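Take a look at the structure set out below.
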Amino acid sequence: MPNTLKALLRNLCITVCASAAGAASVSAQEQVVNLYSARHYSTDEALYTGFTKATSIKINRVDADDAGILARLKAEGSASPADVILLVDAARLHKGEVDGLFQPIQSKVLTAAIPAQFRSAPGADGGVAWFGFSTRARLIVYNKAKVQKDDVDTYEELGAPKNKGKVCIRSGSHPYNLSLFGAVIEHIGEQKAEAWLKGLVSNLARAPKGGDTDQINAVAAGECDIAVTNSYYLARLMRSTKPEDVATVSKIGVVFPNQDSWGTHVNIAGGAVARHAKNPANAIRFLEYLASADAQNYFANGNNEWPAAKSVTVDNPALKAMTGGKPFKSETIPISAVGANTTKVQQMLDRVGFQ
Ligand code: FE
């Protein structure tokens, strides 16, 4: 009996040890890319599987929010294992760029696929610090029973005296608002933008609190009549079958602001190669994959956004309902210029007392 056991153990060891040695030699050659992602959508899983299938490059993923990722990259410095980074706002991508956390990307595939409007301005060597892969519009929603659409169809009207005490909006210093206000500076100039922000603060129905969905719900609940939200939060509510969400959506109207002037402000979610990437070629391959039509569909549609890549479209019922099935006029300024206004905006917010 003991001999049988010994033989069994010996056989077991041969199998286990052999496969362990095999695994070691495989992992020595295994291609990987280490991803830090601020995205957390279940549809992204299909995206990652698709990449590994197409390239045999394995993705090791760390999930955190944007601020957490930027702080982590800073703290890790040159020891950082990160190769590629996904963030969800132009102001944050700009911050990563100016903090020196990215390395310029040279990729004909990416520059051909992603319009110049949705990427960082190229450096002297033509390298680009980050690319946008999906777009989201910053919209105005209003209580249909209390507000006329004509009174809220521009961002400027958020600061107009007629809308006193009616507006709900999240914190002024949230990146979505930093980007919106940075865009407004580009469109109407600093002086007018500051006067507008002052008007907006005096129009607030309550001190800024909560996220975009909370502002939509506050309009439906009658706490305020007008609110500002990213398009995908509204799309999420429109696709929800929960009775309370259905009730909310039935009460609100939506505006794509400034259709008769400079167009609706559009932000991006995007990606960059980490400054200290150990697998930079794989990182670029990953970003190039994200620009492909299939990946664009998962990337954008998964969060009810629009693809950033040229001539890629999504078939999304909520987005279709929101736009009436027609394309809307979006601003055409480079999103990099918007990001570059962040500090200016923060100083303005302090001056006008916008928390
Ligand atoms: Fe968001």
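Given labels modelled 7 Å from the Cα in the Cβ direction, how far is it in nm from S261 to A121?
Label-label distance for S261 and A121, simple model: 2.4 nm.
Could you give the longest part of the chain that holds none of the GluC sites (Glu not before Pro) found in DSSP loops with at most 15 neighbouring Cβ atoms within 10 Å?
Working: sites that count: E30, E223.
The segment 31-222 is the longest one with no such site.
What lysines could a cross-link reach from K251, if we take a straight Cα to Cα line under 20 Å and drop same-chain neighbours fewer than 8 places away?
Straight-line reach from K251, under 20 Å: K144, K146, K149, K166, K242, K320.
Testing the spin-label approximation: label points 7 Å from Cα along Cα→Cβ at A67 and E244. State their distance in nm.
2.5
Please provide three numbers in whole Å: the alpha-carbon extents of the chain along the principal axes, with the largest listed first.
Per principal axis, max minus min of the Cα coordinates gives 91, 53, 37 Å.
Using unit Cβ charges (K, R positive; D, E negative) and no other charged atoms, how large, in debye to the nearest 20, is the dipole of the chain about its Cα centre? Intermediate results must be reported in sequence, preceding the final value.
Numbers: 38 positive and 33 negative charges, 102 e Å.
It works out to roughly 480 debye.
I'd like the antiparallel share, as a percent to the nearest 5, of DSSP beta bridges with both residues in the chain. Intermediate values should be presented prior to the final figure.
Values: 25 of 39 bridges.
Approximately 65 percent, going by the DSSP bridge assignments.
Which log10 I(q)/I(0) values, to two decimals, does region 62-153 give at q = 0.11, 0.13, 0.16, 0.23 Å⁻¹ under the Debye formula with one point per Cα?
For the requested q values the scattering log ratios are -0.45, -0.57, -0.74, -1.21.
Along the Cα-to-C-beta direction of Q29, a point sits 7 Å from the Cα; which residues of region 39-65 have their amide N less than 17 Å from that point?
So the set is 55-58.
Which lysines have a Cα lying under 27 Å from the Cα of K58, excluding residues fewer than 8 positions away in the same chain?
K74, K108, K278
I need the chymotrypsin sites (Phe, Trp or Tyr not before Pro) found in region 286-321, filtered to DSSP loop residues with at most 11 other beta carbons within 10 Å of theirs.
Details: sites: F286, Y289, Y298, F299; in loops: none.
Taking region 286-321 and a limit of 11 other Cβ atoms within 10 Å, no loop chymotrypsin sites (Phe, Trp or Tyr not before Pro) are found.
Name the residues of region 197-213 whose amide N is less than 18 Å from a point 7 angstrom out from the Cα of H40 along the C-beta direction?
Within reach of a label on H40, which here means backbone N under 18 Å from a point 7 Å along Cα→Cβ, region 197-213 contributes 210-213.
Going from the alpha-carbon gyration tensor of region 159-315, what semi-axes, largest first and in whole Å, does one get by taking the root of 5 times each eigenvalue? Show your work: numbers first, answer last.
Working: eigenvalues 204, 94, 42 Å².
Each semi-axis is √(5λ); the values are 32, 22, 15 Å.
Sort out for me the Cα centre separation of region 161-232 from region 76-130, rounded to whole Å.
When both Cα centres are located, 29 Å separates them.
Exposure proxy check: C224, C168 ranked by fewest other beta carbons within 10 Å? All intermediate terms of the calculation are to be shown ahead of the outcome.
Values: C224 21, C168 26.
Ascending number of Cβ neighbours within 10 Å: C224, C168.
Read the figures in this text as sums done on the coordinates, not as results from a lab. Fair warning: this is a prediction, and the values are worked out from it, not measured in the lab. Here the Cβ is made from the backbone with ideal geometry for all residues, glycine too, and neighbour counts use every protein chain on show.
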